[in-house]
Each structure stands twice: as structure tokens, then as C-alpha cells.
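Peer 1: I'd like to ask you about the structure that follows.
The values are calculated or read from the model by the stated rules, or taken from the named source; none is laboratory data. Nothing here was measured: the structure is a model prediction, and the numbers come from that model. Cβ: placed from backbone, ideal geometry, glycine included. Neighbour counts: every protein chain shown.
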Amino acid sequence: MTRNGIIALVAGVAVAIAAGIWISDLVISKVETRQAQDNGAARVGGPFTLVNEQGETVTEADFRGRYMLIYFGFTFCPDVCPTELQVISSAIEALGPRGADIAPVFITIDPERDTPEVMARYVALFHPRLTGLTGTPEQIAATAKAWHVFYRKAEDESSSADYTMDHSSIVFLMGPEGEYLKLFAPGTSPDKMAEDIAAVM
Ligand code: NI
């Protein structure tokens with residue numbers, strides 16, 4: 001498919017979701033390839049320095065000792081991001097008391113619009129412990145690269161907003177030492193997510 005073809009494809013919301021799944025499939029296959037290459041020790045994740053919704057600097061070390069469910073997206077996202085954040089929230093609730101050991105984290109790939117103030121209002125809609133992380137464009141780019149997350153600005157003719165963001169939609173489960181444990185593709189149900197998390201906790 002040509003680049004213009006891809007851009008035309010993602011213009012419609014329904015098709016954009018399909019493209020997100022397609023992109024996620026690409027990322028998943030890339031992650032799996034790396035896992036094979038590394039003999040099971042996937043190089044997903046790593047150190048990051050970002051800014052939370054209180055405007056405080058946060059690094060990966062602040063999450064040591066807890067599991068993390070990480071999702072990359074943006075607050076202007078019309079459907080995919082809210083859906084996945086709701087799934088994360090429901091999965092944590094489904095885990096009961098064990099859910100307290102999991103830190104849900106939403107990292108924006110649209111730092112231009114997603115200031116700490118915008119993130120604070122947004123994360124409160126989904127889970128009381130959801131951390132919203134933003135940063136400089138360079139900080140976000142470095143973090144997304146470490147997690148193999150694709151994103152880019154795209155024209156948004158269907159909305160009054162100047163632009164939308166194409167991005168991969170994957171939930172990452174990281175362990176208490178910051179190690180990669182598992183990823184969840186779009187469409188994973190909260191119960192399935194909770195079950196798979198319980199199996200590795
Ligand atoms: Ni989204």
C-alpha cells in the first residue's frame with residue numbers, strides 16, 4: 001500500500017480502528033521476533049523520565065515493586081484510547097485486592113496538547129490510581145521507541161481539531177523490577193486481561 005493510500009485509509013474512524021489493529025499486529029510480531037532473538041528476554045521498556053499529571057518528574061524507578069499496566073495514547077482520541085483505559089480499569093477491579101499491586105499508567109503520544117493539567121482531568125475519568133504521563137516531545141519519543149510504540153500526527157478532516165494521532169494500541173504488563181512480562185492486543189476483554197495478569201503475579 002502506498003503512503004497516500006494509508007493516509008486515506010485512516011481518515012474514517014472505523015477504518016482507523018482497523019488500521020490500529022493492523023499496526024498493533026505489526027508491533028506484536030516485532031516484539032515476538034525480538035523475544036525469539038533474545039531467548040525469551042524481550043527488550044521492551046527501559047528507563048524513562050516523564051512528567052506526571054501533578055507536573056512532577058517521574059522515572060521508571062518510581063514504579064519499582066509494583067506491576068505496571070502501560071498504555072500509550074492521547075486524550076483527544078475519540079474511541080480506542082477510552083475503550084482500552086476502561087478495560088485496564090475493569091481488569092484491575094476484577095483482580096480484587098491483588099489489583100492494588102498494579103500501577104495503571106497512561107503515557108501520551110501527543111505531548112503538545114496533553115499538558116499535565118489536561119492529563120489530570122482525563123485520567124480521573126478512568127481509575128483513581130491511573131497515572132498520566134507526558135513530557136517533552138523528545139522524552140515521549142524516547143519512551144515510545146523503547147516500547148516499540150508507533151505514533152504519528154495525521155490530518156483530521158472529520159473534526160474541528162487541527163490533527164489527530166495514529167498510534168498503536170497495546171497494553172503492556174511490566175513486572176516489579178520493570179521487566180516486560182506480557183502484552184495485550186486491542187479487544188482483549190477485562191476478564192481475560194485479569195486472568196492473564198493473575199497467572200504471572
Ligand atoms: Ni487512541
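Peer 1: Quick one: what pairs do we get from region 79-94, first residue among the aliphatic types (A, V, I, L, M), second near the ligand (Cβ under 8 Å from one of its atoms), C-beta under 6 Å, 6+ apart or different chains?
Peer 2: Partner pairs satisfying both residue conditions: 80/20; 80/169.
Peer 1: Quick check on region 150-168: of everything there that is at pLDDT below 95 and assigned to a loop (DSSP other than H, G, I, E, B), which residue is nearest to the ligand (Cβ to nearest atom)?
Peer 2: Taking the candidates together, the pick is 168.
Peer 1: So, in region 81-103, how many residues would count as being within 16 Å of the ligand (Cβ to nearest atom) and surrounded by 20 or more Cβ atoms within 10 Å (Cβ to Cβ)?
Peer 2: Residues meeting the conditions: 6.
Peer 1: If you scan region 124-149, which residues turn out to be outside any helix (DSSP H, G or I) and buried (at least 19 other Cβ atoms within 10 Å of the Cβ)?
Peer 2: If the condition is that a residue be outside any helix (DSSP H, G or I) and buried (at least 19 other Cβ atoms within 10 Å of the Cβ), then 126, 127, 130, 131, 132, 133, 134, 135, 147, 148, 149 are the ones that fit.
Peer 1: Condition first: more than 16 Å from the ligand (Cβ to nearest atom) and touching a helix residue (DSSP H, G or I) at 6+ places or on another chain (Cβ under 7 Å). Can you find one or more residues in region 119-130 that meet it?
Peer 2: For region 119-130, residues more than 16 Å from the ligand (Cβ to nearest atom) and touching a helix residue (DSSP H, G or I) at 6+ places or on another chain (Cβ under 7 Å): present.
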